[in-house]
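> Take this structure first; my questions come after.
The values are calculated or read from the model by the stated rules, or taken from the named source; none is laboratory data. Treat the numbers as computed from the prediction; the structure is a model and nothing was measured. Reconstructed Cβ throughout: ideal geometry from the backbone, glycine too, with neighbour counts over all protein chains shown. Each accessible area value is taken on the protein alone, full model and side chains, heavy atoms only, with ligands, DNA and RNA left out. Shrake-Rupley method; radii C 1.70, N 1.55, O 1.52, S 1.80 Å.
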Amino acid sequence: MTSERKDTPLAVMAKPVGSRCNMRCAYCYYLEKGKYSRNEKQTRMSFDLLERLIRQTISASSGPVVSFTWHGGEPTLAGMDFYKKALELERKYLPRGWEVWNNLQTNGLLLNDAWCRFLRENHFDVGLSIDGPAAIHDKNRRLIDGSATFERVCASIRRLKDHGIEPDLLCTVNAVSEQQPLEVYHALRDMQCGWVQFIPVVIRDPASGTDPRSTTPEGYGRFLITVFDEWVTHDLGILDVQLFAEMARIMAGGAASLCWMSPVCGHVLIAEEDGAVYSCDHFVDPDHRLGTLRESSLSRMADTEFQRSFGSGKRETLTRECLLCPSLRFCNGGCPKDRFGMSSDGQLGQYWLCSGLKTFFAHAEPVLARVMEMSAKGNKPAEIMSALREETTSSV
């Protein structure tokens, strides 16, 4: 095992109800994953498997903080009693002096007051999916019967905030939203939650490259540049955007926390409702099934030659264009699932969104460097934004 993998803590994304969901988002890549369940019908992860998951995750951790991410499908379908049992088991196996961090990634539809009280009292972080204003959100994110969800999601955001929880807002960039970056950004900013993630939708179509629901490389780049310019001149210190924060971390000499921006991957395993463990959230398929919680341990599965090769392959399969790119330190070739593009010199395996990201990084890097320079000199966010606005005006 390389030193990079030893230094990277093992993380597990738990899918307590597998791919089951109470929504039918037009771009969802996970609903079909239920066909790989060994259970005749997907149900809720048993308490026996839950105990194995928690015990093994804690055992594989170097501490003193252990993280659990509860994902889906829609993880609240597991019911509140499931998470009460999870907390009980975490307390049972957590070594003295260690802490546990629980993160729930949800569409928000089931978050009533009881759920919000429970999440607040037990210090859950919450990531909530919303795609911007109603017209954009409801284009793709609908219920099983086709009805809209925007108002219900907004009500859940308000309810969480009323209970003292500021959710992270998870927003996709897709064929619809890429065309209206400011409308999307302003809608999310005005919810005053403090943290936004923009997640590109890339659905592969072997015949044409990508499905029409996907964002385009050029559209994604324009979206990010437009949002960045608005954020850096109006919302610095008020709202954090994940990609911009990751860039700043790297520029300051740190390492990216996002797997797609890291040199290697493969340290975030997926535990499904039937106990099966897979290499990655985007590689839940028979070829990447590492074993089960009953047959093996998470640490053993993470340390197999197959999984080590899966992780290191991210770096070892970079195209020549990537290796020569000045932005390589930021994206490290992007997510392996989307490396089906063609490089400028005709090499297959280029990150599909490369051209858009490259344009964005070239645009944002000098501005972020200026922000960091002024911040190091003691300038407040309002002063930095004022200076940047003046510089922008004078350069026009």
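> Any residue at all in the range 82-97 that's open to solvent by less than 50 Å² (accessible area, probe 1.4 Å) and either among the polar types (S, T, N, Q) or in contact with a Gly (Cβ under 6 Å, 6 or more places away or on another chain) (or both)?
no
> Return the residue satisfying two criteria in turn: it lies in the range 135-144 and is among the aliphatic types (A, V, I, L, M) and within 25 Å of residue 224 (Cα to Cα), and of such residues it is most open to solvent (accessible area, probe 1.4 Å).
Among residues in the range 135-144 that are among the aliphatic types (A, V, I, L, M) and within 25 Å of residue 224 (Cα to Cα), the one most open to solvent (accessible area, probe 1.4 Å) is 135.
> Here's another thing I want to ask about it. May I ask you to list pairs of residues, at least six apart or on different chains, whose Cβ atoms are under 8 Å apart, with the first in the range 265-277 being on the phi > 0 side of the Ramachandran plot and the second being open to solvent by less than 10 Å² (accessible area, probe 1.4 Å) and polar (S, T, N, Q)?
Listed by first residue and then by second, the contacts come to 266/279; 266/307.
> Under 7 Å between Cβ atoms, at least 6 apart or on separate chains: pull out the pairs that start in the range 171-190 with a residue that is over 15 Å from residue 201 (Cβ atoms) and end on any residue that is assigned to a helix (DSSP H, G or I) and open to solvent by 20 Å² or more (accessible area, probe 1.4 Å).
Sorted first by the residue in the range 171-190, then by its partner, the pairs are 182/226; 182/230; 185/230.
> Is it the case that the range 67-77 has a residue that's open to solvent by 60 Å² or more (accessible area, probe 1.4 Å), modelled with pLDDT under 95 and not in a helix (DSSP H, G or I)?
The answer is no; no qualifying residue exists.
> Here's a follow-up. Select from the range 29-43 the residues that are surrounded by fewer than 17 Cβ atoms within 10 Å (Cβ to Cβ), under 18 Å from the mean Cα position of the chain (by Cα) and assigned to a loop (DSSP other than H, G, I, E, B) and list them in ascending order.
If the condition is that a residue be surrounded by fewer than 17 Cβ atoms within 10 Å (Cβ to Cβ), under 18 Å from the mean Cα position of the chain (by Cα) and assigned to a loop (DSSP other than H, G, I, E, B), then 29 is the only one that fits.
> May I ask you to list pairs of residues, at least six apart or on different chains, whose Cβ atoms are under 8 Å apart, with the first in the range 336-354 being among the acidic types (Asp, Glu) and the second being open to solvent by 20 Å² or more (accessible area, probe 1.4 Å)?
Sorted first by the residue in the range 336-354, then by its partner, the pairs are 338/204; 338/352; 345/320; 345/321.
> Of the residues that sit in the range 9-24 and are assigned to a loop (DSSP other than H, G, I, E, B) and crowded, with 20+ Cβ neighbours inside 10 Å, which one is nearest to the chain's Cα centre (by Cα)?
The selected residue is 15.
Here is a yes/no grid of residues against (1) at pLDDT below 95; (2) farther than 30 Å from residue 161 by Cα; (3) surrounded by fewer than 17 Cβ atoms within 10 Å (Cβ to Cβ); (4) touching a strand residue (DSSP E or B) at 6+ places or on another chain (Cβ under 6 Å):
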site: 179; (1), (2), (3), (4): no, no, yes, no
site: 194; (1), (2), (3), (4): yes, no, yes, no
site: 198; (1), (2), (3), (4): no, no, no, yes
site: 209; (1), (2), (3), (4): yes, yes, yes, no
site: 221; (1), (2), (3), (4): no, yes, no, no
site: 236; (1), (2), (3), (4): no, no, no, no
site: 251; (1), (2), (3), (4): no, yes, yes, no
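> Could you please find all residues in the range 200-228 being under 11 Å from residue 177 (Cβ atoms), assigned to a helix (DSSP H, G or I) and not aliphatic (A, V, I, L, M)?
219, 220, 223, listed by residue number.
> Quick one: in the range 281-291, of everything that is in contact (Cβ under 8 Å) with a residue 40 or more places away in the chain and out of contact with any helix residue (DSSP H, G or I) (no Cβ under 6 Å at 6 or more places or on another chain), which residue is least open to solvent (accessible area, probe 1.4 Å)?
Filtering the range 281-291 for residues that are in contact (Cβ under 8 Å) with a residue 40 or more places away in the chain and out of contact with any helix residue (DSSP H, G or I) (no Cβ under 6 Å at 6 or more places or on another chain), the one least open to solvent (accessible area, probe 1.4 Å) comes out as 281.
> Show the residue pairs meeting these rules: Cβ distance below 8 Å; 6+ apart or different chains; first residue within the range 76-96 and closer than 21 Å to residue 110 by Cβ; second residue open to solvent by 60 Å² or more (accessible area, probe 1.4 Å) and assigned to a helix (DSSP H, G or I).
85/47
> Counting only residues that are without any contact (Cβ under 8 Å) to a residue 40 or more places away in the chain, closer than 22 Å to residue 104 by Cβ and not hydrophobic (A, V, I, L, M, F, W, C), which one in the range 145-170 is least open to solvent (accessible area, probe 1.4 Å)?
It comes out as 161.
> Step by step: first the residues of the range 44-64, then only those that are more than 28 Å from residue 199 (Cβ to Cβ) and in a loop (DSSP other than H, G, I, E, B), then the one that is modelled with the highest pLDDT. Which residue is that?
46
> Tell me which residues, restricted to the range 186-232, are over 22 Å from residue 340 (Cα atoms), out of contact with any Leu (no Cβ under 8 Å at 6 or more places or on another chain) and of a type in the set (Gly, Ala, Ser).
Correct list: 187 only.
> Take the range 359-396 and flag every residue that is touching a residue at least 60 places away in the same chain (Cβ under 8 Å) and open to solvent by 50 Å² or more (accessible area, probe 1.4 Å).
359, 363, 365, 372, 380, 381, 382, 389, 392 - these are the residues of the range 359-396 that are touching a residue at least 60 places away in the same chain (Cβ under 8 Å) and open to solvent by 50 Å² or more (accessible area, probe 1.4 Å).
> Name the residue that is nearest to residue 199 (Cα to Cα), counting only residues in the range 320-355 that are open to solvent by 20 Å² or more (accessible area, probe 1.4 Å), outside any strand (DSSP E or B) and among the aliphatic types (A, V, I, L, M).
Within the range 320-355, the match that is nearest to residue 199 (Cα to Cα) is 328.
> A further question follows. Return the total of residues in the range 103-134 being open to solvent by less than 10 Å² (accessible area, probe 1.4 Å), under 25 Å from residue 186 (Cα atoms) and outside any loop (DSSP other than H, G, I, E, B).
So the count comes out to 5.
> It is to be established whether one or more residues within the range 274-282 are polar (S, T, N, Q) and within 17 Å of the chain's Cα centre (by Cα).
Yes - at least one qualifying residue is present in the range 274-282.
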